[in-house]
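To keep things clear, I will list the structure first and then write my remarks on it.
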């Protein structure tokens, strides 16, 4: 039931905002937590399905690549990424919850890489 909610909610967002692309972080899970990887894979599957149903190009980035583009450091901590997002978007406060900052970071990364892909990776 949760996967259907994710799928339906995502279709609503796509339909209302009509984006040009959908950005997604590449799946990563520690080998000691295979159940987490399976659950994340299910969610990622419905996200990819929603993009496909709306003929929306899907771009995927490794977390280290997003961090490097935003902060210059592929191993930057989450707090540094949050501050970079705040700075790049001239926000008054750090986006909360942290997952919101992660999503915005992927969008910013895609924007910069679409401008000059070879100079930022």
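The values are calculated or read from the model by the stated rules, or taken from the named source; none is laboratory data. Just so it is clear, the model here is predicted, and its values are computed rather than measured. Positions of Cβ are generated from backbone atoms using ideal geometry, with glycine treated the same way; all protein chains shown enter the neighbour counts.
Identify, from the list 63, 50, 37, the residue that is surrounded by 13 or more Cβ atoms within 10 Å (Cβ to Cβ) and in contact with a helix residue (DSSP H, G or I) (Cβ under 6 Å, 6 or more places away or on another chain).
50
Answer yes if at least one residue in segment 67-85 is under 12 Å from the mean Cα position of the chain (by Cα) and assigned to a helix (DSSP H, G or I), and no otherwise.
Yes: one or more hits.
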Return the pairs, sorted by first residue and then second, in which the second residue is assigned to a loop (DSSP other than H, G, I, E, B) and at pLDDT 95 or above, the first residue lies in segment 1-15 and is more than 17 Å from residue 40 (Cα to Cα), the beta carbons are less than 8 Å apart, and the residues are 6+ apart or on different chains. 11/54; 14/54; 14/56; 15/54
Within segment 95-114, track down each residue that is surrounded by fewer than 15 Cβ atoms within 10 Å (Cβ to Cβ) and in a loop (DSSP other than H, G, I, E, B). 96, 97
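Residue-by-condition table, conditions (1) over 21 Å from residue 14 (Cβ atoms); (2) free of Cβ contacts under 8 Å to residues at least 12 places away in the same chain:
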residue: 55; (1), (2): no, yes
residue: 59; (1), (2): no, no
residue: 62; (1), (2): yes, no
residue: 79; (1), (2): yes, yes
residue: 93; (1), (2): yes, yes
residue: 104; (1), (2): no, no
residue: 109; (1), (2): no, no
residue: 114; (1), (2): no, yes
Condition check for residue 51: at pLDDT below 95, part of a helix (DSSP H, G or I) and closer than 27 Å to residue 18 by Cβ: no
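Per-residue answers, yes or no, for (1) touching a strand residue (DSSP E or B) at 6+ places or on another chain (Cβ under 9 Å); (2) over 22 Å from residue 28 (Cβ atoms); (3) outside the structural domain of residue 29 (by TED's automatic domain parsing):
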site: 54; (1), (2), (3): yes, yes, no
site: 97; (1), (2), (3): no, no, yes
site: 103; (1), (2), (3): yes, no, yes
site: 109; (1), (2), (3): yes, no, yes
site: 116; (1), (2), (3): no, yes, yes
